[in-house]
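Below: the structure, in structure tokens.
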Amino acid sequence: MAERLATLIGLYALLGVGYQIVFGQLRALNLAQGALFGVGAYATALTAETIGPFALLVGPLAAAVVAALAAPPMLRLQSHYFALATLALASLINLAALHAESLTGGANGLVGFGTALPHGTTLAVAVWCVVIVSVIAYASVFRGAAGEKARLLRDAPLVAATLGIDGALWRFTAFVIGGAVAGLAGGFSAALTGVVSPEATGFPVMLLCLTAVVLGGARHPLGAVLGATVAVLLPELFRGLQGSWLLAYAAATLAVVLWAPDGLAGVFGRPREPFVPRPIPPVERPLELVLDHVGKRFGGVEVLSDVSLVVRRSEIVGLIGPNGSGKTTLLNVISGLERADSGTIALDAIRIERRPPHAIARLGIGRTFQTPIEGETRGMGLARAVSNGAAFLLLDEPAAGMTDRERQTLARRLERLRRRHGLIVVDHDIELLMRVCDRLVCLDGGRVIASGRPAAVRADPRVRASFLGAPA
């Protein structure tokens, strides 16, 4: 009995480790993990009599193939739409297991293959060896830079894109690897029970997996192990309560959620400080960022119209204008977060206006945002943009909320950055911009109404009327 429980805990811990990659690290509520567990179980059972113990390798392969085929359309969806799509995938897999009787045995399932697979102590040792390797690999991969990239994709996907992180590739890889790990756990389950039925693809397996990860800790390396231990042992401990054991199980689970919101593993771990990547030597090219007659509309509203601008390396250009004039939208269009409806944007001779944000970032565009990521300062956002090796930096209100002393420090830092970068700075602090900028560009209603030396732009009657609030 103890050996069987140990094996159960191990295989559900393995299922949870795979789920942590998708749900814990990227915060994607994948409700097909349990069904992929069942795919691995069926694949192992169907091939066990032919290839023996090597059938345990077929399970993760089959689950990975299903995940890879299903991922592209589903990963385009966001939030609850993605969750619903994965739930639909799980339902299709369950229906296939139930109705493809010639392959799966239908409601009766598959039996008689267990003798070809490891069992007993051999199986328990194999399961826990794989669990230990998986936990160590998980901890190693998501330590340092990789963990920071995952955190950005989870908490600030726009920031991640402007740092050159391909979120679509990350999500696809995580979904497929998580599915493969689930398939391996399903293969171990088939070896343990000697029976595979449609229940292996059912939602109770998914519910157990989700419960284990939430209870143990969605991102902590040991979270899946602790959660699986609790999820497997609590029903056994409360089984003597007969019909009331589910109520006791729910109460115990609720207690963990209330008093250990980061999971049981969070009690033993400390929050990690935000990680700033090591500085990367700035790229030597490109030398110019050129916008030519750029326009952008949102429905019937023209936000940018015929905007032309050239920024060179070692130059700071200040972008000013009243609220709603299109300043942030212009930065979004340059960095690829919004697509221009007209005009061209180029880094030297390379056109970038139709490229995705991560590709634009890799070509030499760095970006900061008005609102820092939770737990970080504005300085961290700027440090991250600089460390990415960008030739041109787009700074959105870097001085907002700063004291006078902090603004002076920022001005000195911008002067240092000019030596290796070209900068576009959006800010309402006209005195700061007058001090550090080579040129000012003023937008009003999405159009450039003035451009030139700071003193000349500040004295322009149209700028005084629209931005400074003085009579024209």
All positions within the range 317-335 that are in contact with a Lys or Arg (Cβ under 9 Å, 6 or more places away or on another chain) and at positive phi: Gly321, Gly326
Only one of Leu123, Leu69 that is without any contact (Cβ under 8 Å) to a residue 60 or more places away in the chain and at negative phi: Leu69
Which numbered condition Arg351 misses (of (1) of a type in the set (Lys, Arg); (2) within 23 Å of Val310 (Cβ to Cβ); (3) surrounded by 21 or more Cβ atoms within 10 Å (Cβ to Cβ)): (3)
Leu331 being out of contact with any helix residue (DSSP H, G or I) (no Cβ under 9 Å at 6 or more places or on another chain), in the same structural domain as His421 (by TED's automatic domain parsing) and of a type in the set (A, V, I, L, M, F, W, C): yes
From the options Ala13, Ala45, Ala35, residue that is farther than 22 Å from Thr173 by Cα and in the same structural domain as Thr173 (by TED's automatic domain parsing): Ala45
Per-region count, the range 385-403, residues within 15 Å of Leu163 (Cβ to Cβ) and either of a type in the set (S, T, N, Q) or not assigned by TED's automatic domain parsing to the domain that holds Arg419 (or both): 2
Residues of the range 371-387 that turn out to be surrounded by fewer than 19 Cβ atoms within 10 Å (Cβ to Cβ) and farther than 16 Å from Asp155 by Cβ, as a count: 3
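Quick grid of which residues meet (1) farther than 25 Å from Leu215 by Cα; (2) outside any loop (DSSP other than H, G, I, E, B):
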{"residue": "Val17", "(1), (2)": "no, yes"}
{"residue": "Gln25", "(1), (2)": "no, yes"}
{"residue": "Leu29", "(1), (2)": "no, no"}
{"residue": "Gly34", "(1), (2)": "no, yes"}
{"residue": "Gly38", "(1), (2)": "no, yes"}
{"residue": "Ala43", "(1), (2)": "yes, yes"}
{"residue": "Glu49", "(1), (2)": "yes, yes"}
{"residue": "Phe54", "(1), (2)": "yes, yes"}
{"residue": "Ala64", "(1), (2)": "yes, yes"}
Elements of type helices (runs of 4 or more DSSP H) in the range 69-156, at least 1 residues being more than 23 Å from Ala228 (Cβ to Cβ): 79-99, 101-104, 145-155
Sole exception among (1) within 22 Å of Thr162 (Cα to Cα); (2) out of contact with any Asp or Glu (no Cβ under 9 Å at 6 or more places or on another chain) for Glu415, by number: (1)
Residue selected from the range 315-353 under the condition in contact with a Gly (Cβ under 9 Å, 6 or more places away or on another chain) and hydroxyl-bearing (Ser, Thr, Tyr), by the criterion nearest to Gln370 (Cα to Cα): Thr329
Answer residue from the range 409-464, given it is loosely packed, with under 15 Cβ neighbours inside 10 Å and among the acidic types (Asp, Glu) and is nearest to Val311 (Cα to Cα) among those: Glu415
Strands (runs of 3 or more DSSP E) within the range 284-378 that include 1 or more residues in contact (Cβ under 8 Å) with a residue 12 or more places away in the chain and of a type in the set (S, T, N, Q): 301-312, 342-347
Whichever residue in the range 195-212 is outside any helix (DSSP H, G or I) and among the hydrophobic types (A, V, I, L, M, F, W, C) and, among such residues, is farthest from Thr115 (Cα to Cα): Val196
Restricting the range 412-426 to residues that are in a helix (DSSP H, G or I) and more than 33 Å from the chain's Cα centre (by Cα), the residue that is farthest from Val436 (Cα to Cα): Arg412
Selection status of Phe142, surrounded by 20 or more Cβ atoms within 10 Å (Cβ to Cβ) and closer than 24 Å to Ala67 by Cα: yes
Hey, Thr162 farther than 30 Å from Leu331 by Cα, at pLDDT below 95, assigned by TED's automatic domain parsing to the domain that holds Pro73 and not hydrophobic (A, V, I, L, M, F, W, C) or not: no
Conditions (1) within 19 Å of Ala45 (Cα to Cα); (2) of a type in the set (Val, Ile, Thr); (3) surrounded by 20 or more Cβ atoms within 10 Å (Cβ to Cβ): number failed by Val65: (3)
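The values are calculated or read from the model by the stated rules, or taken from the named source; none is laboratory data. Keep in mind that what you see is a predicted model, and the values were worked out from it rather than measured. Counting neighbours? That spans all protein chains shown, and the Cβs are built from the backbone with ideal geometry, glycine included.
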